[in-house]
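These notes concern the structure reproduced below.
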Amino acid sequence: MITWMQRHKKWLIITIWISTIAFVGAGFVGWGQYSYGNKAGAVAKVGDIEISQGELQKAYSRLYTKYNQAFQGNFDQEKAKQFGLQKQALQSLLQQALVLNLAESYDITVSDVEIANVLKTQKAFQKDGVFNIDIYKQILSQNRLTPTEYEAELKKELTIEKTLKLLPVTVSENEKNILTSIFKIADKINYKLLALKDIKVNVTDEKLREFWQTRKNKFMTDVIYSVQVIKQLPVHKEYDAKKISQYYQDNRMHFKDKDGKILPLEEAKKQVIQELDNKATKDKALRTYIAFKKNKLTGVTPTENNISVSHNQFGDAVLKKISKRSLSAPFMKPVLVENTYYIFKLTNIIPAQPKSFQEAKAALMPLYLQEVRKNKIHEIAMKSVENFTGTTTDFITVDAAAKLKELSQTEATDFLQKLFVSDKKRDFITLNDGNIVLYNILEQKMLPNTNIKLDGEMSKLKSAIFNEGLIKKLQNMYQTEIYIKGL
């Protein structure tokens, strides 16, 4: 029986690890080039829902943070590329968009009251157990989010959650028993780690150029936006007591002390004047914008500037807005960048084009080394799998990562997940980080009990399988267009 299970356990537990895949995607980290085309502000579109560059950037950043925590701070851009983080981030957003399209087709919505109720329960925004609006705004500001942005994301999450709750998944007792039996399987193995870092590679310009020739279109220059820029200098005015008092009365909630109490006028006076000056500065910027559009500027000379992903002093939000402009509609209303208003006019767009070999060389090198090492380590694994000598373990189960001393915790977890899916007695397994583990199963037995708590796991597993099927169904229902290169 145990021998049969060893040969066929792949089909028994192949889906257990599906549940480790995040169905809905959870600092900022950048990664590459966009092909804006005719969809300048979007990187993809699913059905009627567009996915913006900003959304992808944030999804990538959240995913990067999770991996960095898992690697205990030893995660970097090279590992991110190896793990395909950009693709993972995009896939999570595409899956969200598919479910949101389904929700829209059935008029599933989330009200402002529902959002407010959830916000009240989020402990990060509470003070003494009660939701605090100042803490809420402060935390969002620290994370470069506005309440509007955060609540829009929360609304999406709640809509997805509400939609999936309409598709319940039930679990039978037999299914629970099967899952319990699976975790009782124990293997005694001999294993050996082959590490990519130990593979030596001789790099020459000739070999690197050959590698580049077949991948030119993956190494593109930035799209460059030539703009004329007007910087609006701050406006400072004298305001009479009546003006100051009236503004204070109309906007008293703006002026609070550290305890959240409204400041009296005398204590808030400087802040009131500052807000009046800010308002006057914005009004002046709007008048300058109108004069700019009408070619009636006086006393102001725009400066010339080129903006791209890698050379952008104005921030991602400005680049996103500029990328949506066209030469037939080139003007952009004043935008606030670090307390200063700027007015932009798009004058030229230089499309992305393949970089020269020398320009691409620095980015090309790690990819070349990765591919050569990957091929060499695979070749070594093929040659040595039948006669290698490694470390022998006691009987281990799928949750015994700590017992594999030759591997890191992350590698051991990855290896065991794949080992207990394999139906081969002797083979090798390629890990997520590119390293390879040779293994030979010496013995196998069924343990009488398991210490793993499986309450609810079968339900999670079936839900994950159902969600995977749902996504495939929705992919056939809603057209997906991807505008970002390489994905």
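A few comments on the model shown:
- Spin-label model distance (nm) - Asn190 vs Glu386, 7 Å beyond Cα toward Cβ: 1.5
- The calculated FRET efficiency for the pair Val169 and Glu206, based on their C-beta separation and a Förster distance of 56 Å, comes to about 0.50.
- Taking 30 Å as the limit for the C-alpha separation, the pairs Lys258/Lys321; Lys66/Lys424; Lys58/Lys355 exceed it in the case of Lys258/Lys321; Lys66/Lys424.
- Taking each residue as 0.36 nm, the span from Ser245 to Asp76 lengthens on full extension beyond its C-alpha to C-alpha distance by 55.5 nm.
- Pairwise centroid distance, computed over Cα atoms, of segment 152-176 with segment 216-253, Å: 43
- Cross-link partners of Lys296 among lysines, defined as those whose alpha carbon lies under 19 angstrom from its own and excluding same-chain residues fewer than eight positions apart: Lys231, Lys282, Lys284, Lys333, Lys345.
- All lysines inside 20 Å of Lys405 as judged from Cα atoms, apart from same-chain residues fewer than 8 positions distant: Lys188, Lys192, Lys197, Lys418
- Charge tally for Val229 (other residues, Cβ to Cβ under 15 Å; Lys, Arg +1; Asp, Glu -1): +4.
- Calculated FRET efficiency for the pair Val118/Arg252, C-beta based, R₀ 51 Å, to 0.05: 0.95
- Table column - 3J(HN,Hα) (Hz), segment 235-250, Karplus curve with 6.51, -1.76, 1.60, x for Gly and Pro: 9, 10, 10, 9, 10, 6, 4, 5, 5, 5, 5, 5, 5, 4, 5, 6
- The simple Förster model, with R0 at 22 Å and r as the Cβ-Cβ distance, assigns Gln358 and Asn217 a FRET efficiency of 0.85.
- Ellipticity estimate at 222 nm from DSSP helix runs (n ≥ 4, -39,500 (n - 2.57)) divided over the chain, nearest 500: -15000 deg cm²/dmol
- Fully extending the segment from Asp433 to Leu154, taken as 0.36 nm per residue of separation minus the present Cα-Cα distance, adds 97.2 nm.
- Environment charge at Glu210 (Cβ cut-off 14 Å; Lys +1, Arg +1, Asp -1, Glu -1): +2
- 13 Å beta-carbon shell around Asn143, net charge (K/R +1, D/E -1): +2
- Segment 222-350: radius of gyration and largest Cα-Cα distance (Dmax), Å: 18.3, 54
- Restricted to Cα atoms, the chain shows a radius of gyration and a Dmax of 28.8, 92 angstrom.
Values in this text are rule-based calculations from the coordinates and carry no lab data. Predicted model, so just to flag it, every value in this text is computed and none were measured. No Cβ is skipped: glycine too gets one built from the backbone with ideal geometry, and neighbour counts run over all protein chains shown.
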